[in-house]
1. Compare the peptides 24-35, 245-256, 123-134, 141-152 by average per-residue count of other Cβ atoms within 10 angstrom and give them in order, highest first.
2. I want to check the label-to-label distance for residue 262 and residue 374. Put each point 7 Å from Cα in the C-beta direction and report it in nm to one decimal.
3. Cut-off is 10 Å between beta-carbons; in what order do 367, 10, 261 appear when sorted fewest neighbours first?
4. Can you give me the angle between helix 549-569 and the longest principal axis of the chain, using Cα atoms only, in degrees from 0 to 90, rounded to the nearest 10?
5. For the stretch 447-505, what Kirkwood radius comes out of the mean inverse Cα-Cα distance, in Å?
6. May I ask for the angle, rounded to the nearest 10°, between helix 357-367 and the longest principal axis of the chain, with both axes built from Cα atoms and the value confined to 0 to 90°?
7. Across 5 Å bins from 0, what is the distribution of all Cα-Cα pair distances for the stretch 486-571, in whole percents?
8. Based on a Kirkwood Rh over C-alpha pairs, give the Stokes-Einstein translational diffusion coefficient of the stretch 245-290 at 25 °C and viscosity 0.890 mPa s in µm²/s.
């Protein structure tokens, strides 16, 4: 591996014009594809194998023509204090708004509140349901403008008017936070290298890699049914790992130059050594992201594969474009210790024999391993305590900021029709083959309406064939409450009893029921996912480190950091701690996909730091150093760069906390805090403490397994033999000349 990458690095250095041209051409091609791609429609959301999805599929089959993917809007009207919506003046205003909305070219139907029994009991609130024949993402701007104008015209008469539903949904954005994250990363790189040019290389290659990845996702979004969140998450992860991977290779290149090697040789050795770590670190991230497919939720699978593709691009760019750009840079990317200025060189040389911060910290940990280990484990354990109260759910309009019209419409509907009105449950009854389908429908409606926690159950609405019907059930509790979840289970138990008696299949669906099914599916998949991903990465790390205990320690450390990060997420987004500082206006359940997605991403990133830091330790150990001294040596050369990499990742992820999308905000915070815990507590404190306690046992591997495993040579031992062979050839040539 190291020898192959060494040759690749030298080739890219020599053929830098060709390599740069290829990557610029790929970026241009992806950009053209993204610019010419059709606007993606709404992302289909399905959860195969669940009751809610089965009911949804049955509706599409038995109720043809139902626009299940069409956008909806609820225009909610509230009368001024002391007045009612049934007053003639307000009634005329609402009817005018309904008439105005009905004229839109994309409007499928508009339900008049006074004909559809959509006026609250006290008469103060009413709503008009608008259905469109295209998704919210496909609605033309003129249609959205007409919707907002109709609401504005009604407001001018003195009514309070708000618009709920997905008709006004917008593509989530991150605002200036992402730019700030990149700016912080740039500052950290300049401080690390002491050179604007050296700092600019990782930023440039990372931006090119993310540009190719995100543009490709945009170009394929319509064809592959990719949501807008997919590209945001891919850019989040791709940018972070892209900067870090390039950072490690540039740092190693400068170290090779400092040892007196020529630029081409230094580039080859940097790619052969640090590049080997990049390859295996990238593989762990890709395994973790692709492994999300085991959950069998298509949207999560697509997000994982898209992000994994961006990570793969980041690895390839780091291995090829970085040495090519180093060829262009000449001697300006100077190593630490050369006389230099900020625009070209490194730092002023330290006093001979003076230990750097990494060496001093590692020496302290090696002397006090038990205290450091206990402090780290107890601290992370305390941070993980809130995770025990984790509640899962999916966002609805109730989780939107109070400044949005969707949230205000949600609150008005809760005020006028009860908290459960925003999360109606739908019962689908399949009585095909039943002798008395109508009787079955009536029986289901009656029994569902009699359950505790149900405000009302509508009469059954059969299809044209009369073999399938839908019943709408309104709970008396809000959609995200535990009470509503218990009601869904009670309804399904009741349906199972009816099916046993009559043979008719009774299914419960709706947004709330689907959320419950998603949470259950994700909970069921978490353990198999961990076994698969951690198992594969464990085997990969055994090959890399040729040790059993080092990969085991890496996996256990990851579990500590991810549980602590989940605890922090619960404390902020569910309990409301520091919510104002994080811009969280509404606390509530944690996104159902958040834990498993964070587990996948954090595992990959955790293994990054493990590979980068511990390979330096193993390199020192196999070259004859004592175990404790090898730990110190690993920190001497790796701690500064790993620290910079972690700070950069935290800055990039933190930039997404400013996103308007609650899921992106939550994931950005979760990943940032997870990197903090994993890099600075687990990898910088717990790992050296454990290695110091284990001593030589840390690098033990059964002889039979050592013989069976392939030798990937991450430490670059083969490069020494390669260099020795080249030196012998040069000596032979000199003798021949003599």
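1. So the peptides 24-35, 245-256, 123-134, 141-152, ranked by packing, come out 245-256, 123-134, 141-152, 24-35.
2. Between residue 262 and residue 374, the simple spin-label model gives 5.7 nm.
3. Lowest to highest Cβ neighbour count: 367, 261, 10.
4. 40 degrees
5. Kirkwood radius, the stretch 447-505: 12.4 Å.
6. It is inclined by approximately 90 degrees.
7. Over the stretch 486-571, the share of Cα pairs per 5 Å bin runs 3, 11, 13, 13, 13, 10, 9, 8, 8, 7, 4, 2, 0 percent.
8. Here the translational diffusion coefficient equals 224 µm²/s.
Since every read-out is calculated from the coordinates, none of them should be taken as a lab result. Model, not experiment: these values are computed from the prediction. Heads up, the Cβs are rebuilt from the backbone with ideal geometry, glycines too, and the neighbour counts pull from every protein chain shown.
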